[in-house]
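Novice: Next up is a structure, given as structure tokens.
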Amino acid sequence: MRTTVRVCLAGVARFLVVALILASAPARAENWTVASEDYFPPYNFTERGKRTGMDTEIVDAMLKDIGVYPVHRPMAWPEVVRAHDENAVDVAFQFFTSPRRLERGHLIGPYRVGATVLMVRSNSEITYTGIDDLRGLRIGVVDGFEYTPEFDKSSLFEKVRSSSNVVSFRRLLLGRVDAIAGDLQVLRYLADSEGRTGSVKILPTPLAMVPRYISVPKLRAEKAERLQAAYEKLKRDGTIDAIVRRWER
């Protein structure tokens with residue numbers, strides 16, 4: 001009888017221990033789907049099977065602050081825009097403000113400001129002070145990207161479209177375009193990673209300085225409010241700016 005009692009008491013004790021562990025364990029994290037361009041270093045890319053980069057770290061920090069686990073969905077940029085606009089994801093980045101973006105999403109930010117610049121070969125004599133300086137040139141751009149309203153609408157030069165910045169960069173090296181347009185940090189990263197920093201140069205006058213935003217689809221207003229609160233907190237305490245400084249080249 002005593003043995004039976006001891007066995008029962010031991011079983012009850014084990015049950016209580018398990019119950020206490022379960023009670024103290026954190027609730028299962030809330031998951032949000034996050035869309036970003038597949039390969040856009042140093043802002044978002046995959047390294048050793050993990051999504052990383054400046055903007056990726058900023059988004060992850062904001063989601064962590066509100067107790068949300070990010071499920072990253074890397075894709076081509078036109079697919080990012082479509083997934084956001086069709087309400088197929090919770091969050092997408094990185095956008096700049098425009099009437100279309102304000103109509104279709106809740107913009108969170110700006111969390112950083114990026115320079116849109118022109119890169120040329122190191123022996124090029126091209127200079128840029130205004131759009132007229134580009135007359136007659138062949139300039140590499142990425143299909144689906146927006147640069148500046150003046151640049152995008154101009155017919156003074158030929159836009160040579162490609163599927164990615166990598167393709168545009170290699171066309172520049174081969175002399176198939178006179179210049180390429182892009183984000184300063186992205187183009188610097190490309191030149192460095194390809195070992196060709198001495199083969200190219202960035203023109204000093206930018207096309208534009210562009211504030212960047214994270215966007216939440218219009219139908220997900222409650223999530224946008226939560227993310228906005230996290231952005232304001234992490235911007236105020238310096239977390240976002242520290243991430244930007246760590247990644248800048």
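Novice: Go through segment 72-89 residue by residue and turn each phi into a ³J(HN,Hα) via Karplus (6.51, -1.76, 1.60, θ = phi - 60°); whole Hz please, and just put x for glycine and proline.
Specialist: Using θ = phi - 60°, the values come out as 6, 10, x, 7, 5, 4, x, 6, 4, 4, 5, 4, 5, 5, 8, 6, 9, 9 Hz.
Novice: To the nearest 20 Debye, how big is the dipole of the chain about its Cα centre, given +1 on the beta carbon of each Lys and Arg and -1 on that of each Asp and Glu?
Specialist: The calculation lands at about 940 debye.
Novice: Given R₀ = 22 Å, FRET efficiency for Ala208-Arg249 by Cβ-Cβ distance, to 0.05?
Specialist: With R0 = 22 Å, the Cβ-Cβ based efficiency is 0.70.
Novice: Nearest 20 debye, what's the magnitude of the dipole of segment 135-224 about its Cα centre given +1 on Lys and Arg Cβ and -1 on Asp and Glu Cβ?
Specialist: So the magnitude is around 100 debye.
Novice: What nm distance separates the two modelled labels at Arg100 and Asp38, each placed 7 Å from Cα along Cα→Cβ?
Specialist: Each label point lies 7 Å from its Cα, and together they span 2.2 nm.
Novice: Now a separate question. Can you give me the relative contact order of segment 23-137 as a percent, contacts being Cα pairs under 8 Å and 6 or more apart?
Specialist: Relative CO of segment 23-137 lands at 26 percent.
Novice: Here's another thing I want to ask about it. Which three extents, in angstrom, do the Cα atoms of segment 19-162 have along their principal axes, listed largest first?
Specialist: Principal-axis extents of the Cα atoms in segment 19-162, largest first: 74, 35, 23 Å.
Novice: With all protein chains present, how much of the accessible area of the chain (probe radius 1.4 Å) comes from carbon and sulfur, to the nearest whole percent?
Specialist: For the chain, the apolar C and S fraction of the accessible surface comes to 54 percent.
Novice: Run the numbers on the chain and let me know its relative contact order in percent, using alpha-carbon pairs under 8 Å that are six or more apart.
Specialist: Reported relative contact order: 26 percent.
Novice: Provide the solvent-accessible area of Val186, counting protein heavy atoms only and rolling a 1.4 Å probe, rounded to the nearest 10 Å².
Specialist: Around 0 Å² of this residue is reachable by solvent.
Novice: Okay, moving on. Whose amide H sits under 5 Å from the amide H of Ile108, counting only residues 5 or more places off or on another chain, with H placed in the peptide plane?
Specialist: It is Ile214, Ser215, Val216, by chain and number.
Novice: With θ set to phi - 60°, apply the Karplus curve 6.51 cos²θ - 1.76 cosθ + 1.60 along segment 104-115 and write out the HN-Hα couplings as whole Hz, x wherever there is a Gly or Pro.
Specialist: Values per residue, Gly and Pro as x: 9, x, 8, 8, 10, x, x, 9, 7, 10, x, 8 Hz.
Novice: Under 11 Å from a point placed 7 Å out from the Cα of Ser193 along the Cα-to-Cβ direction: which residues of segment 141-179 have their backbone N that close?
Specialist: 165-167
Novice: Let me check something: with ligands and nucleic acids excluded, how do Ile131, Ile214 order by accessible area (1.4 Å probe), largest to smallest?
Specialist: Ile131, Ile214
Novice: Do the sum for the chain: with -39,500 (n - 2.57) for every DSSP H run of n ≥ 4, divided by all residues, what is the mean residue ellipticity at 222 nm, to the nearest 500 deg cm²/dmol?
Specialist: The helix contribution divided over the chain gives -12000 deg cm²/dmol.
Novice: Can you pull the accessible area of Met75 for me, 1.4 Å probe, Å² to the nearest 10?
Specialist: 20
Novice: Which whole-number value in Å² is the accessible area per residue of segment 190-244, probe 1.4 Å?
Specialist: With the other protein chains kept in place, segment 190-244 gives 50 Å² per residue.
Novice: May I pose another question? Kindly work out what percent of the DSSP beta bridges joining two residues of segment 117-216 are antiparallel, to the nearest 5.
Specialist: 45
Novice: Something else: Give me the distance between the Cα centres of segment 195-237 and segment 84-133, rounded to whole Å.
Specialist: Between the Cα centres of segment 195-237 and segment 84-133 lies a distance of 9 Å.
Novice: Which of the trypsin sites (Lys or Arg not before Pro) found in segment 41-117 are loop residues per DSSP with 10 or fewer other Cβ atoms within 10 Å of their Cβ?
Specialist: Arg48
The values are calculated or read from the model by the stated rules, or taken from the named source; none is laboratory data. Quick caveat: nothing in here was measured; it's all calculated off a predicted structure. Backbone-built Cβ (ideal geometry, glycine too); neighbour counts: all protein chains shown. Accessible surface is based on the protein model in full, side chains and every heavy atom, while ligands, DNA and RNA are left aside. Shrake-Rupley method; radii C 1.70, N 1.55, O 1.52, S 1.80 Å.
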